[in-house]
Amino acid sequence: MKFEERLSDRDAWSIGDGCSAGRVLDLLSTKTVFLVVRECFYGTTRFDDFVTRVGASAPAVSRALKQLKAAGIVAPVVYREPGSRARDEYRLTEAGEDLLPVFLSLMQWGDRHLQDGRPPLSFVEAGTGRPIQVRVSAEPASETACDDIEIRVHPAWDAASGAP
């Protein structure tokens, strides 16, 4: 990347706390927060399921959900099972859904650089089976909605691990 001329002297300016990337990192500040977002994309909605699937303590998951709720990333939806008290499920908001490219790009980078060619999951367009890719491009590209993505066991991982 290159800076426009008026920004070329890096010592003459600073965006400080105005950096959007820094703000996102503040929001997704812990592994637990990020994994709760992952689980929302995977369809998890109930507190006990977050605790089990994230592998964090109930207090850590509770803090993560409160942080994500305060930021407008998740919203509680009340449900009641027969004979039980009302409880909250957590669903991604529009702002939460907008994190999909962030989530997928981190997964894509990890698949490429941290998995020795054997990532556990692949993300494909549900209708066609074409792999979902996050790219930097100057050309407009069609977007794929979250509901149009299918998560599959990656063939290389399946063969190496004997996964179901």
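The values are calculated or read from the model by the stated rules, or taken from the named source; none is laboratory data. Since the model is a prediction, treat every value here as computed from it, not as a measurement. Positions of Cβ are backbone-derived with ideal geometry, glycine not excepted, and every protein chain shown enters the neighbour counts. All accessible areas refer to the heavy atoms of the entire protein, side chains included, with ligands and DNA or RNA removed. Shrake-Rupley method; radii C 1.70, N 1.55, O 1.52, S 1.80 Å.
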Qualifying residue in region 39-52 (condition: of a type in the set (Gly, Ala, Ser) and touching a residue at least 24 places away in the same chain (Cβ under 8 Å)) | no
Based on what the data block shows, is Ala156 open to solvent by less than 90 Å² (accessible area, probe 1.4 Å), over 19 Å from Leu35 (Cβ atoms), touching a residue at least 24 places away in the same chain (Cβ under 8 Å) and not in a strand (DSSP E or B)?
-> yes
For region 67-80, state whether one or more residues are surrounded by 18 or more Cβ atoms within 10 Å (Cβ to Cβ) and aromatic (Phe, Trp, Tyr).
-> no
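So which of Val102, Val74, Val124, Val78 ends up being without any contact (Cβ under 8 Å) to a residue 12 or more places away in the chain and among the β-branched types (Val, Ile, Thr)?
Details: Val102 fails: without any contact (Cβ under 8 Å) to a residue 12 or more places away in the chain; Val74 fails: without any contact (Cβ under 8 Å) to a residue 12 or more places away in the chain; Val124 fails: without any contact (Cβ under 8 Å) to a residue 12 or more places away in the chain.
Just one listed residue meets the conditions, Val78.
Kindly indicate which of Phe34, Phe41, Phe3, Phe47 is of a type outside the set (D, E, K, R) and open to solvent by 90 Å² or more (accessible area, probe 1.4 Å). Quick ask: steps written out before the conclusion?
Numbers: Phe34 fails: open to solvent by 90 Å² or more (accessible area, probe 1.4 Å); Phe41 fails: open to solvent by 90 Å² or more (accessible area, probe 1.4 Å); Phe47 fails: open to solvent by 90 Å² or more (accessible area, probe 1.4 Å).
Criteria check complete, one pass: Phe3.
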Counted residues, region 94-131 - those being outside any helix (DSSP H, G or I) and among the aliphatic types (A, V, I, L, M) | 4
So, in region 81-98, of the ones that are modelled with pLDDT under 95 and open to solvent by less than 70 Å² (accessible area, probe 1.4 Å), which residue ends up nearest to Thr144 (Cα to Cα)?
-> Asp88
What number goes with the only condition from (1) closer than 16 Å to Gly43 by Cα; (2) open to solvent by less than 90 Å² (accessible area, probe 1.4 Å); (3) under 20 Å from the mean Cα position of the chain (by Cα); (4) at pLDDT 90 or above that Ala145 does not pass?
-> (4)
Being closer than 29 Å to Met1 by Cα and touching a Pro at 6+ places or on another chain (Cβ under 9 Å) narrows it down to one of Val134, Val102, so name that one.
-> Val134
Specify which of the listed residues (Asp49, Asp9, Asp26) is touching a helix residue (DSSP H, G or I) at 6+ places or on another chain (Cβ under 8 Å) and not β-branched (Val, Ile, Thr).
-> Asp49
Kindly provide the set of residues from region 70-93 that are more than 14 Å from Arg46 (Cα to Cα) and either part of a strand (DSSP E or B) or within 18 Å of the chain's Cα centre (by Cα) (or both), ordered by number.
-> Ala70, Ala71, Gly72, Ile73, Thr93
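Out of the residues in region 117-142 that are among the hydroxyl-bearing types (Ser, Thr, Tyr) and over 15 Å from the mean Cα position of the chain (by Cα), state the one that is surrounded by the fewest Cβ atoms within 10 Å (Cβ to Cβ).
If we take residues in region 117-142 being among the hydroxyl-bearing types (Ser, Thr, Tyr) and over 15 Å from the mean Cα position of the chain (by Cα), then Ser142 is surrounded by the fewest Cβ atoms within 10 Å (Cβ to Cβ).
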